[in-house]
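Below is one structure, written out as structure tokens; the observations come after it.
The values are calculated or read from the model by the stated rules, or taken from the named source; none is laboratory data. Here the structure is a predicted model, which is why all the values come from computation and not from measurement. Cβ placement follows ideal geometry from the backbone for every residue including glycine, while neighbour counts extend to all protein chains displayed. Only protein heavy atoms, including side chains, enter the accessible area calculation; ligands, DNA and RNA are left aside. Shrake-Rupley method; radii C 1.70, N 1.55, O 1.52, S 1.80 Å.
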Amino acid sequence: MTDTLTHLDRLEAESIHIMREVMADAVKPVMLYSVGKDSAVMLHLARKAFYPSPPPFPLLHVDTTWKFRAMYELRDRMAAESGMDLIVYQNPEAMERGINPFDHGPLHTDMWKTEGLKQALDLYGFDVAFGGARRDEEKSRAKERIFSFRTGTHGWDPKKQRPELWNLYNAKKAKGESIRVFPISNWTELDIWQYIARENIPIVPLYFAAPRPTVERDGLLLMVDDDRFPLLPGETPVERSVRFRTLGCYPLTGAVESEAKTLSEVIQEMLLTTTSERQGRIIDKDGGDASMEKKKQEGYF
Amino acid sequence: MTTDPVYVTDALIAEDIDAYLARHEQKSLLRFITCGSVDDGKSTLIGRLLYDSKMIFEDQLAALEADSKRVGTQGQEIDFALLVDGLAAEREQGITIDVAYRFFTTEKRKFIVADTPGHEQYTRNMVTGASTADLAVILIDARKGVLTQTRRHSFLAHLIGIKHIVLAVNKMDLVGYDKTVFERILLSYRSFASEIGITNFTAIPISGFKGDNITALSDNMPWFKGPALIEHLEGVEIAAAADEAKPFRLPVQWVNRPNLDFRGFSGQIASGTIKPGDAVRVLPSGKTTMVDRIVTLDGDVDEAVAGQSVTLTLSDEVDCSRGDVIAAADAPPEAADQFEATLVWMADEAMIAGRAYWLKLATLTVSATIQQPKYEINVNTLDHLAAKTLELNGIGVVELSTDKPIVFEAYADNRTLGGFILIDKLTNATVAAGMLHFSLRRAQNVHWQASDVNRDMRANLKNQRPALLWFTGLSGSGKSTIANLVEKKLHRMNRHSFLLDGDNVRHGLNRDLGFTEADRIENIRRVGEVAKLMTDAGLIVITAFISPFRAEREMVRSMLPEGEFIEVFIDTPLAEAERRDVKGLYKKARAGQLKNFTGIDSPYEAPETPEIRIDTTAMSPEEAANMIIDRLLG
């Protein structure tokens, strides 16, 4: 049995089709850009979809001011390379109140990310936002549509999702409504890695193992990325060879001890590992079983 | 199960990751659906596939073990179903209520599984999941045999055009792995399958719970010679690959114009292959040209095949935009505007014959109206029933017409150019999925006759701009009175006009119509068409109809050139109209002697942004008429 196209070819074609389809009905689309590996793949797909035109939308980074420094560096480099506008949004209220992951717990994510995203979308009047969520990440995402409708207040109602048949997407919406579009819904973590390798896509070096200053706290290995990290009595950063499977705010993102310095080694480690990708993130855990579903109903991506 | 040859990759991953990746990268992709009723063990089977292919990590497994003990249905053993029942609501109910997509990979292929629920009210979900599938796994509980839902699932899978059907006779462990049980089920399924046109299927006795005949042939059933489920899934032909042998079709999604020197046409190839130099025809215009380049970020390529998203440039400057189809010049598809189709209704609001919906097929969106179904299909008995409409999950055969010709192929030949969705124009909901069978002869034979004298010439002769003043409002709101005054004034000003009055039209043109929702829609459609002819003749047309539904008023608006439809909302509150009750109709309606009376037992959908709004409680008919004329001629 031979098939001309590999699974990556088909996934790529599907994602590009989705991105182009958005352009038919969207008034003011935007691509959410979080600088992680999924964002890197999204940006690459967008460049392919519209080449030789630059992608006809800006990148939006909903910033928390607490990302890894290496992420900010790559973000600025990629925006320049792609020729796309980069909008960086920081929730002014969170800024003013000095919301941070050390003192404010779940409020940090809520204000910087969930509220920040809503504010940014409202401020600029974006009616379609591309996101890099994948169905294999988490159970409630397995059921989300590729075109996901949000009310005027950014709510998500799992019972009111439109059926998606064939490759036909209904992107019609009423005034005030917006759509989150997930072009890489059908990709798995392995697909992402393999595609990064195949297409030679630049990613943040934190995905590769290197000696980094770390402390162990609440079962997570955290990297001390700058001097805002408050050390507890008796805590001293220890240099360990670590890498990250997923990237977010540095005080909330657990590292894994690793020697994987190349893409192949990272993939190898991933395939042989026994814990799932989102485990390094604290965000899923608060609120018990259905926490991601709940966050989505509140407007989290 | 980790010793199973299908998944023994760990050694290779550990020893030579690059060799593994090189091999993995060449894997193809198969999409399939699993259908079964609530207790057939569908979620368990999927959980098993994920588990066996090591798609479940340690932390997930730990959570699964804890959940199994807490809410599981398998006692102390692992309840694989919990892995795939995602949303909180359905975990509580213990059933899956939507389509969920899962992913796993074996040595030879990567798989996307659409997990679709088996409940009758969820026909919608199954059709959705099946629309992208190459193969369907139909689960049967070995203890129960072929049930009504087995027939329903098989019919739906066949309806949506799935070529590969797997009959998975599950829970064989609970019938002692008995060969005769399996064979009895096989026999009864075979006779049913041939009834509905399924000529080919593969039956496999399995146990999702115990893992028999999933990845390898089971020692518990030595009488079964194979294939095991995974082996079969790895071998079947992918539908998209078969499309490569068909003639070339590219529905144009997006015109790529970075600058004046480049004009590319982007889209996903629906069928066939293409090379620079190939002769193509752009439809519906019919112009022929050649493919010049196939452009990608990594440089031009020599060939592209069905399934790929590409950007082509053409040798000549031809008109081509989103919704057009670039096709092989020697084998172009047809264009038509009237069709027979199968519809699967997916909305809570029933289908309304005569109402205009958006129809989206490939990359084209047009306005379409559906006629009353020729028949509805009972999915359980497969009987053909008479029907006036289709309700949620109803399946029927209808005739439909589009407001302009669309390029199409029969769904059986091409899913992309034959499958469509219908969208409600007001709520924007996706209300139906459809599959085109064929175009109706009359569409091909009725041609538009062009006349030498056109509408502008006719209007110029009358020294006026044609327009349609569309009065809408409750019965007794004052529509006819004001409309009549407007026409009198226009007449005095030497304007050529015609007043179409609701009551009068029902004496002649529309005397065969009653007051049901469908008849009211047809009433307005006919009046709209007549008014359009009259504006073509250069007249100022005035209509006075209650026209209670927004959708129909919008339908008439879309028939006319931009700006010619002027909606005049005679805004009289219900209480006031009822107080006036000029014709005594409200009294009759309140007494129950008149059915479907607007405002009483039939809704009135007020215009949201009419061109003109007349508040009759604040303005006399004379003032209203003057205001309308000012707006019309001003």
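Beyond 30 Å, how much of the Cα-Cα pair distribution for region B:458-633 remains, as a whole percent?
On the way: 2170 of 15400 pairs.
Pairs farther apart than 30 Å: 14 percent.
A convex hull fitted to the Cα coordinates of region B:334-444 yields 95 cubic angstrom per residue.
Distance between the modelled labels on A:Glu257 and B:Leu461, one decimal in nanometres: 9.5 nm (7 Å Cα→Cβ projection). I want the local charge near B:Glu244. Using Cβ-Cβ distances under 12 Å, sum +1 for each Lys or Arg and -1 for each Asp or Glu among the other residues. Residues near B:Glu244 contribute -2 overall.
Between the helical axis of B:550-559 and the dominant principal axis of chain B, each derived from Cα atoms, what acute angle in degrees is found, rounded to the nearest 10? Roughly 80 degrees between the two axes. In the full protein assembly as shown, how much of B:Phe515 is accessible to a 1.4 Å probe, in Å² to the nearest 10? Accessible surface of B:Phe515 is approximately 110 Å². Report, to the nearest 10°, how far helix B:179-196 tilts away from the longest principal axis of the Cα atoms in chain B, using its own Cα long axis and a range of 0 to 90°. Once rounded, one gets 30 degrees.
Send over the per residue convex hull volume for chain A, Cα only, as a whole number of Å³.
On the way: hull volume 44.3 nm³, N = 301.
It is 147 Å³ per residue.
Semi-axes of the equivalent ellipsoid for region B:242-328, computed as √(5λ) from the eigenvalues of its C-alpha gyration tensor and ordered from largest down, come to 18, 15, 12 Å.
Averaged across orientations, what area in nm² does the convex hull of the alpha carbons in region A:1-93 project?
Numbers: hull surface 32.5 nm².
Mean projected area of the Cα convex hull: 8.1 nm².
Rolling a 1.4 Å probe across all protein chains gives B:Thr617 an accessible area of roughly 90 Å².
Students sometimes get this wrong: rank B:Ser451, B:Ser480 by accessible area, probe 1.4 Å, all chains present, largest first. Display every interim value, and only then the final one.
Numbers: B:Ser451 80, B:Ser480 55 Å².
The most accessible residue leads, giving B:Ser451, B:Ser480.
Annotation: amide H of A:Phe208 within the under-5 Å range of A:Phe244, sequence separation 5 or more or interchain, hydrogens built in the peptide plane. Once the Cβ-Cβ distance of B:Arg293 and B:Asn504 is raised to the sixth power relative to R0 = 60 Å, the FRET efficiency obtained is 0.45.
Entry note: region A:175-275 has Rg to Rh equal to 1.07, where both radii use alpha-carbon atoms and Rh is the Kirkwood radius. Put the Cα centre of region B:337-375 next to the Cα centre of region B:607-631 and the gap is 36 Å. B:Phe182 contributes an accessible area of around 10 Å² to the protein surface, as traced by a 1.4 Å probe with all chains present. Shape descriptor for region B:176-257: Rg over Rh equals 1.20 (Cα atoms; Rh from the Kirkwood inverse mean 1/r).
What are the semi-axes of the equivalent ellipsoid for chain B, taken as the square roots of 5 times the Cα gyration tensor eigenvalues, largest first, in whole Å?
On the way: eigenvalues 641, 212, 90 Å².
Over the Cα atoms of chain B, the semi-axes work out to 57, 33, 21 Å.
Can you give me the angle between helix B:479-492 and the longest principal axis of chain B, using Cα atoms only, in degrees from 0 to 90, rounded to the nearest 10? Value to nearest ten degrees: 50. For the pair B:Lys588 and A:Glu199, label points projected 7 Å from Cα toward Cβ lie 6.8 nm apart. With the cut-off at 32 Å, tell me which of the pairs A:Lys143/B:Lys163; B:Lys479/B:Lys595; A:Lys113/B:Lys108; B:Lys425/B:Lys587; A:Lys143/B:Lys374 have Cα atoms farther apart than that. Check vs 32 Å cut-off fails for A:Lys113/B:Lys108; B:Lys425/B:Lys587; A:Lys143/B:Lys374. DSSP loop (so not H, G, I, E, B), at most 12 other Cβ within 10 Å: list which trypsin sites (Lys or Arg not before Pro) in region B:560-634 pass both filters. Of the trypsin sites (Lys or Arg not before Pro), the ones in loops of region B:560-634 whose Cβ has at most 12 other Cβ atoms within 10 Å are B:Lys583, B:Lys595. Taking all Cα-Cα distances within the protein assembly as shown, those exceeding 51 Å account for 27%. Between A:Thr153 and B:Lys144, the modelled labels are 4.1 nm apart [label points 7 Å from Cα along Cα→Cβ].
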